[in-house]
Amino acid sequence: MTANARAAIDDLRGSPAQRRSLIVLGVAQVLSGAGLAAGVTVGSLLAQDMLDSTSLAGLPSALGTAGSVLGAVVVGRLSHSHGRRPGLAAGYLAGAVGSAGVIVAAISEQPLLLFLALFVYGVGMATTLQARYAGADLAAPTRRARAVSTVLVATTLGAVVGPNLAAPTGDLARALGVPHLAGPFLLAGVAYAMAALVLLVWLRPDPLLLARSLEAGRQAVADGQPGTRPSLRAHRPELLVGALVMALTQLVMVAIMTMTPIHMHDHGHGTAATGMVIAVHLGAMYLPSPLAGWLVDRYNRPAIATAAGFTLLAAGIVAASAPDDSVALLAVALALLGLGWNLGLVTGTAIITDVAPPATRARTQGLVDVVIAVAGAGGGMVSGLVVAAAGFPVLALGGGLLALAVVPMVVVAARNG
């Protein structure tokens, strides 16, 4: 009887509630992907135009990812206390407010307001990533990576369409009396606000709260008493590896991605070409997610994390060696950069979800995403300085080599495990 009861509870992980959660999260991610892509495409160009300085062009990315530190903490705590629905919705609303602030700053030509708005906008960026955890809340352990990948791949449509709307939204902005480069933030504000509305209305039941109830019931059946909160102490090595894999891949990806639009602009490429390259990159960040999820569930985590490091190295080599006038090779480099990031993110997320019990999961995941955001902020800030001092090829190759630090890290963890 005990075994049957436990099986019945575990079967609920594949219930209509999980399928509904994935559908609703998918719709919200399509919208938030468009919001995320807007800032990535023109944020650095807008700052360069307002500041007339290449060395500070990485500041918007740094501020956005610094804002995502705050976002990771706030969204994680709200989700821990009240569930995924209010936590994620609040994060997307913050992204919409930040987008509006960028537009006002561009109209009034106030750099300080621009920086503050980009910081708030970063909360929306953090929320777009935090949503992946919600997809795994009700997933069976052997399908967690695929559940994460389902949420991530939903971001692809918005992430690919968003950059390609840079030119038309810029034209719309100009018609409304708004600077051309601020146009994509019109799209971002609307997209983030709609994502928040979708979650508030339709993400019911809340996947995290339901997962906690199921886990408590499973433990009660197994032990004959109310479930207790499992300690993370025994899993600290795995937790550390999962966090570091994601942080390192985020740092390398943000550093190279941030300066690619500047590199292209400085060599005569227009907004349309830049938008296409960034669209390819963002598509590669999310579109391979189903394959990455299957690989992580099918094979061991360290093997896929190692593959992420070598893929990022290949991205750095191609970007560093690409001729200045070659849009195609830059697109290939940014595609590899996105793929490497995807492999690292799906692997790291699966590791963290494996070891974090539902009772403390959202808070732990929020803290891990703080580490990721700090790494991204560092990559964005340093990228402009490196390009100004040594050039884009040095940044690209250096980032690729740094990504190889993933390999010894996961090898040592595998041996200790």
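The values are calculated or read from the model by the stated rules, or taken from the named source; none is laboratory data. These numbers were taken from a predicted model, which means no experiment stands behind them. Reconstructed Cβ throughout: ideal geometry from the backbone, glycine too, with neighbour counts over all protein chains shown.
Here are a few things to note about the model shown:
- Check on G67, at pLDDT 70 or above, touching a Phe, Trp or Tyr at 6+ places or on another chain (Cβ under 6 Å) and not in a loop (DSSP other than H, G, I, E, B): yes
Per-residue answers, yes or no, for (1) of a type in the set (A, V, I, L, M, F, W, C); (2) surrounded by 23 or more Cβ atoms within 10 Å (Cβ to Cβ); (3) touching a residue at least 12 places away in the same chain (Cβ under 8 Å):
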{"position": "A322", "(1), (2), (3)": "yes, no, no"}
{"position": "A331", "(1), (2), (3)": "yes, no, yes"}
{"position": "L339", "(1), (2), (3)": "yes, yes, yes"}
{"position": "N342", "(1), (2), (3)": "no, yes, yes"}
{"position": "V346", "(1), (2), (3)": "yes, yes, yes"}
{"position": "F392", "(1), (2), (3)": "yes, yes, yes"}
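- Residue-level analysis places A3 among those that are modelled with pLDDT under 70 and assigned to a helix (DSSP H, G or I).
- Some residue of the range 206-214 being under 27 Å from G43 (Cα atoms), hydroxyl-bearing (S, T, Y) and surrounded by fewer than 24 Cβ atoms within 10 Å (Cβ to Cβ): no
- Residue match in the range 262-281 (condition: polar (S, T, N, Q), assigned to a helix (DSSP H, G or I) and under 30 Å from L239 (Cβ atoms)): no
- Looking only at the range 261-273, and only at residues there that are in contact with a helix residue (DSSP H, G or I) (Cβ under 6 Å, 6 or more places away or on another chain) and over 18 Å from P184 (Cα atoms), the one that is surrounded by the fewest Cβ atoms within 10 Å (Cβ to Cβ): M264
- Check on P111, of a type outside the set (V, I, T), over 30 Å from W294 (Cα atoms) and over 18 Å from the mean Cα position of the chain (by Cα): yes
- Unique match (being modelled with pLDDT under 90 and among the small types (G, A, S)) among A403, A390, A396, A414: A414
- Residue in the range 274-296 that is of a type in the set (F, W, Y), in contact (Cβ under 8 Å) with a residue 40 or more places away in the chain and surrounded by 24 or more Cβ atoms within 10 Å (Cβ to Cβ) present: yes
- Conditions (1) farther than 23 Å from V370 by Cα; (2) buried (at least 24 other Cβ atoms within 10 Å of the Cβ); number of the one not met by A167: (2)
- Among the residues of the range 144-167, the ones that are more than 20 Å from the chain's Cα centre (by Cα) and over 16 Å from G35 (Cβ atoms) come to 1 in all.
- Scanning the range 232-250 for residues that are surrounded by fewer than 24 Cβ atoms within 10 Å (Cβ to Cβ) and in contact with a Gly (Cβ under 9 Å, 6 or more places away or on another chain), we see that the one that is farthest from S149 (Cα to Cα) is P237.
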